[in-house]
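Down below is the structure, laid out as structure tokens.
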Amino acid sequence: MKKYNFNAGPSILPREVIEATAAACLDFNGSGLSLMEISHRAKDFQPVVDEAVALFKELLNIPEGYSVLFLGGGASLEFCMVPYNFLEKKAAYLNTGVWATKAEKEAKLFGEVVEVASSADKNFTYIPRNFEIPTDADYLHITTNNTIYGTELREDLDSPIPLIADMSSDIFSRPLDVSKYALIYGGAQKNLSMAGVTFVIVKEDALGKVSRPIPTMLNYQTHVKKGSMFNTPPVVPIYCALQNLRYIKANGGVPAMEKLAKERAEIVYNEIDRNRLFVGTAQEDSRSLMNITFVLKDEYKELEKDFLDFATSKGMVGVKGHRDVGGFRASCYNAMSIEGVKALTACMQEYEKMH
Ligand SMILES: *Cc1c(COP(=O)(O)O)cnc(C)c1O
């Protein structure tokens with residue numbers, strides 16, 4: 001039976017991306033050696049990083065003056081690196097979920113933190129709007145897509161202070177105005193690559209403004225200077241990212257990814273809204289195109305496990321919701337096909353008929 005991978009992360013990747021990465025793990029560039037056993041400084045590997053950086057810049061229209069980095073540590077290490085490198089006295093955070101809260105917690109180790117707004121009052125089911133940004137803060141941190149709660153901020157905010165965004169789960173799903181950000185980061189394992197690499201897009205002249213000493217590995221300037229090669233970078237995940245960037249380019253670039261994301265999301269949300277059994281958890285104006293969260297209506301709540309078993313028996317993988325939300329979550333990253341979301345909605349329709 002065909003399986004449809006709705007995992008939230010690590011998550012679905014295009015088949016050809018996985019095959020190209022697997023092939024390089026057996027024989028890299030016809031060298032007779034595996035990608036796993038060559039030096040990251042080998043002359044064959046540098047072009048991999050160079051092309052990945054160039055494709056990042058091309059696909060996201062990144063202006064001059066920005067560096068693209070590939071680091072270790074995951075988005076979670078960025079929660080600490082961001083305040084280390086940017087927080088002198090005070091930082092502003094928009095609290096839209098678990099990941100945003102974790103980012104905020106790290107910043108509190110370095111200085112004063114102002115929460116500009118929070119949707120914790122309604123279990124993070126919406127994105128707060130019209131909040132005030134303190135002009136005396138060093139930066140504003142936002143999480144553009146809340147992977148767990150299925151909410152998304154699909155616009156590039158105008159901020160009077162440097163804007164920093166965690167885009168772990170929606171990078172490459174819509175065109176960005178990168179010039180509005182001082183820094184964008186994310187773990188690769190949602191919409192870019194396999195687990196193990198973290199991407200950072202950083203405006204070079206926004207760095208070097210804090211007075212504290214920064215440990216070498218945690219200093220963005222180290223990695224900017226050394227082109228992500230200060231120490232051994234995660235070579236296989238970078239190679240995998242390159243294959244996916246090539247895939248995005250070959251398939252119409254980021255605008256095409258956005259169009260597909262909208263089509264997929266419309267199919268699933270329409271079914272949630274139509275279906276007698278289900279209800280969406282996110283407020284309509286805050287719905288994510290990447291992580292679609294829904295639950296059974298109160299009167300059908302006892303069917304939760306049964307629906308999961310039913311969906312699993314039809315080939316749906318990873319649709320169980322996060323424990324903080326319950327119910328179901330269909331993560332629809334770039335590699336998810338229209339066929340996949342139609343299989344899911346067919347499954348929901350069939351289940352409705354049974355009850
Ligand atoms: C998954 C996720 C993280 C954590 O990423 P790690 O790479 O596991 O540290 C942070 N932020 C968001 C929005 C995520 O979806």
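From the list 325, 317, which one is of a type in the set (Val, Ile, Thr) and closer than 17 Å to residue 169 by Cβ?
Of 325, 317, the one residue that is of a type in the set (Val, Ile, Thr) and closer than 17 Å to residue 169 by Cβ is 325.
Please pick out the residue among 85, 61 that is among the polar types (S, T, N, Q) and part of a loop (DSSP other than H, G, I, E, B).
On the way: 85 fails: part of a loop (DSSP other than H, G, I, E, B).
Criteria check complete, one pass: 61.
Being crowded, with 18+ Cβ neighbours inside 10 Å, assigned by TED's automatic domain parsing to the domain that holds residue 233, within 16 Å of the ligand (Cβ to nearest atom) and closer than 20 Å to residue 334 by Cα: is that true of residue 75 here?
yes
Considering only the range 83-103, state which residues are closer than 26 Å to residue 282 by Cβ, crowded, with 21+ Cβ neighbours inside 10 Å and not polar (S, T, N, Q).
92, 93, 94, 97, 99, 100, 103
Give the residues of the range 151-171 that are within 16 Å of the ligand (Cβ to nearest atom) and part of a loop (DSSP other than H, G, I, E, B), sorted by residue number.
Result: 153, 154, 167, 168, 169, 170, 171.
Being farther than 30 Å from residue 130 by Cβ, in the same structural domain as residue 219 (by TED's automatic domain parsing) and in a helix (DSSP H, G or I) narrows it down to one of 70, 28, 56, so name that one.
Within the list 70, 28, 56, the selection yields 56.
Which of the residues spanning the range 130-150 are under 25 Å from residue 87 (Cα atoms), within 16 Å of the ligand (Cβ to nearest atom) and not aliphatic (A, V, I, L, M)?
141, 143, 144, 145, 146
Could you check the range 53-72 and list, in sequence order, the residues that are within 16 Å of the ligand (Cβ to nearest atom) and either surrounded by fewer than 17 Cβ atoms within 10 Å (Cβ to Cβ) or closer than 16 Å to residue 108 by Cβ (or both)? Outline the logic, then answer.
Going residue by residue through the range 53-72, those that are within 16 Å of the ligand (Cβ to nearest atom) are 69-72.
Listed by number, the list holds a single entry, 72.
Residue 40 is checked against (1) under 27 Å from residue 224 (Cα atoms); (2) touching a Phe, Trp or Tyr at 6+ places or on another chain (Cβ under 9 Å); (3) surrounded by fewer than 17 Cβ atoms within 10 Å (Cβ to Cβ) and fails just one. What number does that condition carry?
(2)
Restricted to the range 172-189, and to residues that are out of contact with any Gly (no Cβ under 6 Å at 6 or more places or on another chain), in a loop (DSSP other than H, G, I, E, B) and within 21 Å of residue 247 (Cβ to Cβ), which residue is nearest to the ligand (Cβ to nearest atom)? Outline the logic, then answer.
Kept after step one, since they are out of contact with any Gly (no Cβ under 6 Å at 6 or more places or on another chain), are these residues of the range 172-189: 172-186, 188.
From what is left, the residues that are in a loop (DSSP other than H, G, I, E, B) are 172-177, 181-182, 188.
Narrowing further to those that are within 21 Å of residue 247 (Cβ to Cβ): 172-176, 188.
Details: 172: 14, 173: 13, 174: 15, 175: 19, 176: 15, 188: 8 Å.
The qualifying residue nearest to the ligand (Cβ to nearest atom) is 188.
Each row is one residue, and each column tells you yes or no for (1) small (Gly, Ala, Ser); (2) more than 18 Å from the chain's Cα centre (by Cα); (3) outside the structural domain of residue 323 (by TED's automatic domain parsing).
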position: 84; (1), (2), (3): no, yes, yes
position: 91; (1), (2), (3): yes, yes, yes
position: 119; (1), (2), (3): yes, yes, yes
position: 127; (1), (2), (3): no, no, yes
position: 134; (1), (2), (3): no, yes, yes
position: 159; (1), (2), (3): yes, yes, yes
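Give the range 123-160 a look and list any residue that's among the basic types (Lys, Arg) and surrounded by 13 or more Cβ atoms within 10 Å (Cβ to Cβ), or say none.
154
Taking only pairs six or more apart or across chains, which ones have beta-carbon atoms under 6 Å, a first residue in the range 263-281 that is of a type in the set (Lys, Arg), and a second residue that is part of a helix (DSSP H, G or I)?
264/341; 276/352
Only residues that are in contact with a helix residue (DSSP H, G or I) (Cβ under 8 Å, 6 or more places away or on another chain) and of a type in the set (D, E, K, R): list them for the range 79-118, please.
Answer for the range 79-118, where residues must be in contact with a helix residue (DSSP H, G or I) (Cβ under 8 Å, 6 or more places away or on another chain) and of a type in the set (D, E, K, R): 102, 105, 106, 115.
Check 102, 108 and return the single one that is away from the ligand (no atom under 16 Å from the Cβ), over 23 Å from residue 261 (Cα atoms) and out of contact with any strand residue (DSSP E or B) (no Cβ under 7 Å at 6 or more places or on another chain).
Values: 102 fails: away from the ligand (no atom under 16 Å from the Cβ).
Criteria check complete, one pass: 108.
With 296, 308 as the choices, which residue is surrounded by 20 or more Cβ atoms within 10 Å (Cβ to Cβ), over 21 Å from the mean Cα position of the chain (by Cα) and touching a residue at least 12 places away in the same chain (Cβ under 8 Å)?
Exactly one residue qualifies, and that residue is 296.
Taking interchain pairs and intrachain pairs at least six residues apart, which have beta carbon atoms under 9 angstrom, with the first residue in the range 148-173 and more than 25 Å from residue 295 (Cα to Cα) and free of Cβ contacts under 8 Å to residues at least 12 places away in the same chain and the second within 11 Å of the ligand (Cβ to nearest atom) and among the small types (Gly, Ala, Ser)?
Filtered contacts from the range 148-173: no entries.
The values are calculated or read from the model by the stated rules, or taken from the named source; none is laboratory data. These numbers come from a predicted model, not from an experiment. For neighbour counting, all protein chains shown are included, and Cβ atoms are generated from backbone atoms with ideal geometry for every residue, glycine included.
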